[in-house]
1. Using the structure shown, decide if residue 171 is in contact (Cβ under 8 Å) with a residue 12 or more places away in the chain, closer than 24 Å to residue 33 by Cβ and either assigned by TED's automatic domain parsing to the domain that holds residue 221 or in contact with a helix residue (DSSP H, G or I) (Cβ under 8 Å, 6 or more places away or on another chain) (or both).
2. Check 149, 156 and return the single one that is under 23 Å from residue 230 (Cα atoms) and not in a strand (DSSP E or B).
3. I need the full set of residues from the range 346-387 which are under 20 Å from residue 269 (Cβ atoms) and within 19 Å of the chain's Cα centre (by Cα), in order please.
4. Right, residue 395: over 22 Å from residue 267 (Cα atoms) and either surrounded by 17 or more Cβ atoms within 10 Å (Cβ to Cβ) or within 23 Å of the chain's Cα centre (by Cα) (or both) or not?
5. Please go through the range 71-92 and pick out each residue that is crowded, with 22+ Cβ neighbours inside 10 Å and touching a helix residue (DSSP H, G or I) at 6+ places or on another chain (Cβ under 8 Å).
6. Among 339, 327, which is the only one that is in the same structural domain as residue 435 (by TED's automatic domain parsing), in contact with a strand residue (DSSP E or B) (Cβ under 6 Å, 6 or more places away or on another chain) and more than 23 Å from residue 261 (Cβ to Cβ)?
7. Given (1) touching a strand residue (DSSP E or B) at 6+ places or on another chain (Cβ under 9 Å); (2) modelled with pLDDT of 90 or more; (3) over 29 Å from residue 466 (Cβ atoms); (4) part of a helix (DSSP H, G or I), where does residue 367 come up short, assuming only one miss?
């Protein structure tokens, strides 16, 4: 996942831009970037943020940069924003994207005379550079942005800055959010709406699917009106979103309270305490505790001053080790206790198995696991939830493959997605045994969607049920 922020202001915007981007640090792990436009023209800086927070890497730049227009990002993969010079003039571009048809689009662009793409260190094409090439196929920027949105299979949201203003475009299916804030003599565009609240902005509007606007210090003008079809990622509420975020009018924290309460109503175990895996599991656990009347407790604490994110390193073994190192047990709250532990999800299962072993070693009598979402059966096609090379990285798919002796077809997966089926129960029990939980009960898809509370046809559920 990545996050972005842009500002168009009458006065210098660098302060707002810097902190607006920094508020997206929970969304990306590898690159941070800023581009501004002012009296000296365009200026840009990109840094690697794998081992240091965004804020520490750009202290020097914000003392030297100036401009009334600016965009920036926190990225989990490609370096951006990019500076592009084309028949549209010079512009800066940053995107939030997952492009599944990169090879197909590259072929199309080569056939239309595009000469080359610069490879990144891993040999991949920079997705934002590809989007720039698509935009440049058209005679004007509006048509170019529309063309890019239409051609990408996956998801794509855009901030594009020229000397005249900032174009903001939301993914054509609304899979990721773009919100607009306003204050005197300034407008901003952001992935997260909370990112501008402490900077003095108030909510102006949330872009609809495929909507394109242009921001100046005076106006936010709609250039392309939104489409009808919405498929926003439900995982934004379950996991990715910061607790103070809200999407489509529903706050992340409230959804997680609702989600925990739904889980409690279906449960039958009576543990001594309810706890959440820091950080995203905590609000789900509070909702569960409030509904069930079982006390909420924090039996382990996440040490964050020097390791703010569990998956900051790019190597999986390092991520697992750091996730374990960050959790500090409070043994007097664990010893001889029956614990019910809520996490946002089970993906590979490695971290949660180690957390459970950690609790047993600290004296826990029982560890009941309650993931806040249903079993993940499909790798996400639309967001960079995981850059796994294979769906077999999912513990569910490994277990299903074992149970079906390698003969897994789509109709069989649909049976495993049904919480009323025997296959589902068998899969859950196999996962429970493999990860050494006392009991395991996943949240149901219908309950999770009810916890969101918006029209279910507007929510993407592909990773749980394979429906596009």
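1. Values: in contact (Cβ under 8 Å) with a residue 12 or more places away in the chain: yes; closer than 24 Å to residue 33 by Cβ: yes; either assigned by TED's automatic domain parsing to the domain that holds residue 221 or in contact with a helix residue (DSSP H, G or I) (Cβ under 8 Å, 6 or more places away or on another chain) (or both): yes.
When the stated conditions are applied, residue 171 passes them.
2. 149
3. Hits for the range 346-387 are 346, 371, 372, 373, 374, 375.
4. On the way: over 22 Å from residue 267 (Cα atoms): yes; either surrounded by 17 or more Cβ atoms within 10 Å (Cβ to Cβ) or within 23 Å of the chain's Cα centre (by Cα) (or both): yes.
Yes, satisfied.
5. 71, 72, 73, 74, 77, 78, 80, 81, 91
6. 327
7. The single condition residue 367 does not satisfy is (4).
Conditions tested, residue by residue: (1) buried (at least 21 other Cβ atoms within 10 Å of the Cβ); (2) modelled with pLDDT under 95.
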position	(1), (2)
109	no, yes
126	no, yes
155	yes, no
161	yes, no
164	no, no
167	yes, no
178	yes, no
189	yes, no
207	yes, no
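The values are calculated or read from the model by the stated rules, or taken from the named source; none is laboratory data. Model, not experiment: these values are computed from the prediction. Cβ sites come from the backbone with ideal geometry, for glycine too, and all protein chains shown count toward neighbours.
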